[in-house]
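The values are calculated or read from the model by the stated rules, or taken from the named source; none is laboratory data. What you see is a predicted model, and the numbers here were worked out from it, not measured in a lab. Please note: Cβ atoms are built from the backbone with ideal geometry, for glycine as well, and neighbour counts cover all protein chains shown. Areas reflect the complete protein model, heavy atoms only, side chains present, ligands, DNA and RNA absent. Shrake-Rupley method; radii C 1.70, N 1.55, O 1.52, S 1.80 Å.
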Amino acid sequence: MKVLTLSLTLALGFQPMPATSPSAADTTTIRVVTTPPIEGGNRHCVSNRPPLAASPLIKLPIGSITPRGWLRGQLERMRDGFVGHLPEVSKFCRDDSGWLTGKGVGWEEVPYWLKGFGDLGCVLKDQRVIDEARRWLDAAIKTQQADGWFGPPPNRESLDLWPNMIMLFALQSFHEATGDERVIPLMTKYFRFLYELPPERLLADNWGEGEYKATWWQDVRSADLIESIYWLHNRMGGAATAAEGRSRSETAPTDWLLELAKRLFERSAPWKERIVGTHGVNICMGFRQPGVFWQQAHDKSLLDAVERNYRTVMDEYGQQPGGMFAADENFRPGKTDPRYAAETCSMVEFMYSDESLLKISGAPRYADRCEEIAFNSLPASMTPDLKGLHYLTAANQVVLDLLDHCYENQGTMTAYDPWRYRCCQHNVAFGWPYYAEHLWLATQGNGLAAVMYAPCEVTAKVADGTRVTITEETDYPFGEQVAFKISCENPAAFPLMLRIPNWCRGARISINGQPQSADLVPGHYAVIERTWKSTDTITLELPMQIELRQWSDKASRSVSIYRGPLAYSLRIGERWEKIGGKAPWFGYEVFPTTPWNYGLIVDPKNPDATIQVDRRQPVSDQPFTPDDAPITLKAKARRVPEWKLEQNDVAELPKSPIASDAAREEVTLVPMGCARLRISAFPWLTP
């Protein structure tokens, strides 16, 4: 019979309480911590090396995580949809691109696409995609000039660093996946070129009389470039390259690289002081910049600035479900209602900033935020077959057509189309692949952490080099249980961390069928330490309660319904009409066939009294449609006749609580990500 020892600590550190029984050969210790440890090292994955701050969470090599179930369904639809075939539909991804020829014009579109397309091939292990990505990346490498610059010549003439910033991410993934020996020399020469530039030419002349004055993409989005510098710094040493399966005779000097990062931080947009500009995508990318540089500066005020930036925007413009904020290109004073939308580019960039900050800080809130966008906002940005997308997605959005709406930009913004949306069409490519790559991360102490949940399998080296495979079976985010099965070459002692979402109360863990008595605190990690053996199993229960969230006056005190990580939307009948294109790349308008202007009848103190789970069904490989929604809710509601269409869109919300003499009805709510036509922030009436 096994002797089980369990101890629990709720603290910033990892000092356990005394065990409840004498230790034995098969001892399990569970600790609850706010952030992962930064001591212990990881000999198997490349992480920050001094003087950068130690990495609490570390990205695993590409290909370590194999997605399954619904997540694989999204990735395979990307491969078979417009992302996997952009050279067929995008004029920017053709053979006359300067990224292929080294002579013509080429800006952000090809790098945007390759940043996701190459990773998509590696995550799916799809040889067609890998070969096509390699063709483009081989050509990009060949564009490097003797002085270190690479990329299309027109970008060199203007010293526009922005397209190269994106291409560096694609090349970094290429190197991680293949070990291609050309990437590190290319990056070294390119960064040396930047280092040798006169300071006034680095990021252009964006300062005057001590005040920041320019808003070039390159200086607003410099966090990407600083991250690439750190990526190279971490691979210039013997220990780092050995972790990637290579060796070096000595550590290469990198002081000049860190000096370049410092210059970039000092000359780029001052995110450490304030939100810079109103552009939604810039904010989603730039708000994390102080946190990126914190790794070098070791100044806590920089991490504080990240959260201040986030709250500054979200408290004003993020009063809506789905994790995004109202910036239909730019945020606009007074335009805070949930009918105002977010770009698809903003979604995937916001997700990546969360993924980056999760690794930098270890704070689990970034995983919560990333999941909210991935489950509730991103799916509706594309058609269910992922063969078309639109520019703007809102929490309240009941007509998707070719006409002008209430947004800043005029023209078609909401109809689905694989042809017409320039930046988002290419940039959306990395949303799901990067998400899949960040489900599991390595930890200090040669362990592993499940930081975001989805059906998958991870294989990695742990402990002293033992290879372990963990199979994760779950219906999450629709289901409440996550099951892990461990298979390893030999028994291995290593820490295994599980994130407890901030929304979850009453989480429970069982190991090999035995319930554990740990008090799993929301917004923390459970760290399980034991000698793991093949056939060990863990079951994580994440109870999901129906929750009512009330928004501020910025959204007319409306309410949204959540269950676990999912927000819920009114189920609206959809009529899809083709608007051109040729098979298989058609565009569509979508119109409602059922009423949408409902107010919910709710008791804010007891939402379960008026809202109940209605239906559960198996999770398909494409659960993000109204018909395939794995779970639906039933709610009581009344029509609100004065709430109508305005500017071809849903009018702003009436301020709650409201009154209505309309008949009481029962309505169906589906997960927000299933609803292309959606009302997700509701006016409400008391019972």
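Per the 1.4 Å probe, what fraction of the accessible area of segment 25-152, in percent, lies on carbon and sulfur atoms?
Numbers: 2370 of 4560 Å².
Of all accessible area on segment 25-152, carbon and sulfur atoms account for 52 percent.
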Problem - Gap separating the Cα centres of segment 148-168 and segment 309-360, nearest whole Å - result: 28 Å
Practice task
Whenever you get a sec, compute what percent of the accessible area on segment 188-233 sits on carbon and sulfur atoms (1.4 Å probe).
Solution key: 52 percent
Handout entry: Pairwise label distance in nanometres, Arg43 with Ala146, each label 7 Å out on the Cα-Cβ vector
Key = 4.6 nm
Practice task
Calculate, in nm to one decimal, what Asn512 and Arg365 gain on full extension: separation in residues at 0.36 nm each, minus their alpha carbon distance.
Solution key: 50.0 nm
Problem - Spin-label pair Gln545/Ser487, simplified geometry with 7 Å Cα→Cβ offset, distance in nm - result: 3.9 nm
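What's the whole-number percent of alpha carbon pairs in segment 120-233 lying beyond 25 angstrom? Could you put the intermediate results ahead of the total?
Values: 1721 of 6441 pairs.
Considering segment 120-233, 27 percent of its Cα-Cα pairs are separated by more than 25 Å.
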Practice task
In whole Å, largest first, what are the principal axis extents of the Cα atoms in segment 63-106?
Solution key: 43, 24, 10
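Using the per-residue mean of other Cβ atoms lying within 10 Å as a proxy for protection, in what order, highest first, do the peptides 541-550, 117-126 fall? Walk me through the intermediate numbers first.
Working: 541-550: 17.4, 117-126: 23.2.
Going by the mean number of other Cβ atoms within 10 Å, highest first, we get 117-126, 541-550.
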Completion exercise
Sequence order, segment 449-454: Karplus ³J(HN,Hα) from phi using 6.51 cos²θ - 1.76 cosθ + 1.60, θ = phi - 60°, Hz rounded, Gly and Pro as x, gives 9, 8, 9, 9, 10, 6
Exercise for the section: With no solvent and one equal point scatterer per Cα, compute the Debye intensity ratio I(q)/I(0) for segment 69-161 at 0.18, 0.24 Å⁻¹ and report its log10, rounded to two decimals. Expected result: -0.79, -1.19
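Send over the semi-axes of segment 590-687's equivalent ellipsoid, whole angstrom and largest first, taken as the square roots of 5 times the C-alpha gyration tensor eigenvalues.
Details: eigenvalues 112, 70, 20 Å².
Sorted largest first and rounded, they come to 24, 19, 10 Å.
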Exercise for the section: Give the long-range amide H neighbours of Ser556: residues separated by 5 or more places, or on another chain, with amide H under 5 Å away, using H modelled in the peptide plane at 1.01 Å from N. Expected result: none
Handout entry: Relative contact order %, the chain, counting alpha carbon pairs below 8 Å whose residues are six or more apart
Key = 16 percent
Practice task
For segment 451-562, just the Cα atoms, rotate onto the principal axes and tell me the three extents in Å, largest first.
Solution key: 58, 26, 21
Problem - Dimensionless Rg/Rh of segment 349-444 - Kirkwood Rh, Rg from C-alpha atoms - result: 1.04
Exercise for the section: Would you calculate the volume per residue, in Å³, of the smallest convex hull containing every Cα atom of segment 527-640? Expected result: 229 Å³
Practice task
Show the residues, 5+ positions off or on another chain, whose built amide H is closer than 5 Å to the amide H of Leu197.
Solution key: none
Fill in the blank from the handout: Listed by chain and number, the residues whose amide H is under 5 Å from that of Cys504, excluding neighbours fewer than 5 places away on the same chain and using placed H, are Gly523
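Would you calculate, for the chain, the mean residue ellipticity at 222 nm contributed by helices, counting each DSSP H stretch of 4 or more residues as -39,500 (n - 2.57) and dividing by all residues, to the nearest 500? Write out the running numbers ahead of the final one.
Numbers: 19 runs with 201 residues, N = 687.
Result for the chain, helices only: -8500 deg cm²/dmol.
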Practice task
Per residue of segment 282-287, in order, report the coupling 6.51 cos²θ - 1.76 cosθ + 1.60 (Karplus, θ = phi - 60°) as ³J(HN,Hα) in whole Hz, putting x for Gly and Pro.
Solution key: 4, 5, 4, 8, x, 4
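Stretched out fully, how many nm does the piece from Thr469 to Glu200 gain, at 0.36 nm a residue minus the Cα gap? Write down the numbers at each step before the final one.
Details: separation 269, 0.36 × 269 = 96.84 nm, distance 5.08 nm.
That pair, Thr469 and Glu200, stretches by 91.8 nm at full extension.
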Handout entry: Accessible solvent surface per residue of the chain, calculated while the other protein chains remain in place, 1.4 angstrom probe, Å²
Key = 35 Å²
Problem - Full-extension gain in nm, Asp80 to Ser552, via 0.36 nm per residue minus C-alpha separation - result: 165.8 nm
Practice task
Evaluate E = 1/(1 + (r/R0)^6) for Lys578 and Val105, where r is the Cβ-Cβ distance and R0 equals 35 Å; express this FRET efficiency to the nearest 0.05.
Solution key: 0.60
Problem - Carbon/sulfur fraction of accessible area - segment 271-324, other protein chains in place, 1.4 Å, % - result: 51 percent
Completion exercise
Highest mean packing first, using Cβ neighbours within 10 angstrom, the peptides 375-382, 301-308 sort as 375-382, 301-308
Exercise for the section: Express the Stokes-Einstein translational diffusion coefficient of segment 281-350 in µm² s⁻¹, to the nearest whole number, given a Kirkwood radius over alpha-carbon pairs, 10 °C and a viscosity of 1.306 mPa s. Expected result: 126 µm²/s
Exercise for the section: State, to one decimal in nm, how far the label point of Asp404 lies from the label point of Glu259, with both points 7 Å from Cα in the Cβ direction. Expected result: 5.4 nm
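Indicate the helices, whole DSSP H runs only, in the chain that combine a mean Kyte-Doolittle hydropathy of 0.0 or more with a Cα extent along their long axis of 15 angstrom or more. Present the calculation step by step, with values, prior to reporting the outcome.
Working: long enough: 69-80 (16 Å, -1.35); 109-124 (23 Å, 0.57); 127-142 (22 Å, -0.62); 162-178 (25 Å, 0.44); 183-196 (20 Å, 0.50); 223-234 (16 Å, 0.14); 255-267 (18 Å, -0.35); 300-317 (26 Å, -0.82); 344-361 (26 Å, 0.32); 365-376 (16 Å, -0.91).
Span-like helices in the chain: 109-124, 162-178, 183-196, 223-234, 344-361.
What GluC sites (Glu not before Pro) does segment 614-660 have in DSSP loop regions with at most 12 other beta carbons within 10 Å?
On the way: sites: Glu642, Glu646, Glu652; in loops: Glu642, Glu652.
Counting only loop positions with at most 12 other Cβ atoms within 10 Å, the GluC sites (Glu not before Pro) in segment 614-660 are Glu642.
What does the highest-first list of 53-59, 499-505, 449-455 look like by mean Cβ count within 10 Å? Walk me through the intermediate numbers first.
Numbers: 53-59: 21.4, 499-505: 19.9, 449-455: 24.4.
Answer by packing, highest mean first, reads 449-455, 53-59, 499-505.
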